[in-house]
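**Student:** Supplied in structure tokens, the structure appears directly below.
Values in this text are rule-based calculations from the coordinates and carry no lab data. Keep in mind that what you see is a predicted model, and the values were worked out from it rather than measured. Here the Cβ positions follow ideal geometry from the backbone for every residue, glycine too, while neighbour counts run over all protein chains shown.
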Amino acid sequence: MKDSTKNPWQTLKSEQKYDNPWITVTENQVINPSGGAGIYGVVHFKNIAVGIVPLDEQYNTWLVGQYRYSLDTYSWEIPEGGCPIGQEDPLDCAKRELAEETGLFATQWTTLLKMHTSNSVTDEYGYAYIAQGLTMGEAQPEETEQLQVRKISLAEAVQMCLDDEITDSLSVIALYKTKMLVDAGKL
């Protein structure tokens, strides 16, 4: 019996096709699991995706809206950022991103999830946290961010996911999981 957890792919040759400060794109000449020759492109991210669900005592949360160049559309999301791999702890990054994007500071942090964002073409992974014990400060977004911050109920945010108004994968999963934990009485 074959071990289905072992790698059935054979890599013949790898060539870096593109590199910038955020990603590397590699093209691999492969033999696929059925024995056929082919290519497999992989996008390697140099940052961990980090998202935060800020949650107050009344189960309100904060969303961040911004125009996403890669999608050519406006996007509502949980506060998010990139954590340089090996250079910053993801939780420290989450704290920094929450303050930068919303002006919020939290005294209580809970790890919510770890996920792969699109594992068929990229090795990118992300963490999401729940931030509680919130106090408001002043947001200081980066020069590449033109943000709108919106406070809404967690239920409204989940409804935005259901209505396809929130489509960012980390946001959708983090909001759903937070709502499940709230409904189960675990938050």
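**Student:** For the range 128-184, just list the percent of Cα-Cα distances falling in each 5 Å bin from zero outward, please.
**Tutor:** Per 5 Å bin, starting at 0, the Cα pair percentages come out as 4, 15, 22, 25, 20, 12, 3, 1.
**Student:** Sticking with this one: Please identify the cysteines of the chain that lack any partner cysteine with a Cβ under 4.7 Å from their own Cβ.
**Tutor:** Those would be C161, since no other cysteine Cβ in the chain comes under 4.7 Å of theirs.
**Student:** Which of K13, K114, K95 moves the most in a Gaussian network model of the chain with Cα springs under 10 Å?
**Tutor:** Ranking K13, K114, K95 by mean-square fluctuation puts K13 first.
**Student:** Count the lysine pairs in the chain whose Cα atoms lie under 27 Å apart, taking only pairs 8 or more positions apart in sequence or on different chains.
**Tutor:** Lysine pairs, 8 or more places apart or on different chains, close enough: 21.
**Student:** More than 19 angstrom separation, counting every C-alpha pair in the chain; what % is that?
**Tutor:** Cα-Cα pairs of the chain separated by over 19 Å account for 63 percent.
**Student:** What is the fewest-to-most order of I23, I48, I78 by other Cβ atoms lying within 10 Å of their Cβ?
**Tutor:** Starting with the residue having the fewest Cβ neighbours, the order is I23, I48, I78.
**Student:** I've got another one for you. Roughly how many Å is it from the Cα centre of the range 165-183 to that of the range 104-154, as a whole number?
**Tutor:** So the separation of the two Cα centres works out to 12 Å.
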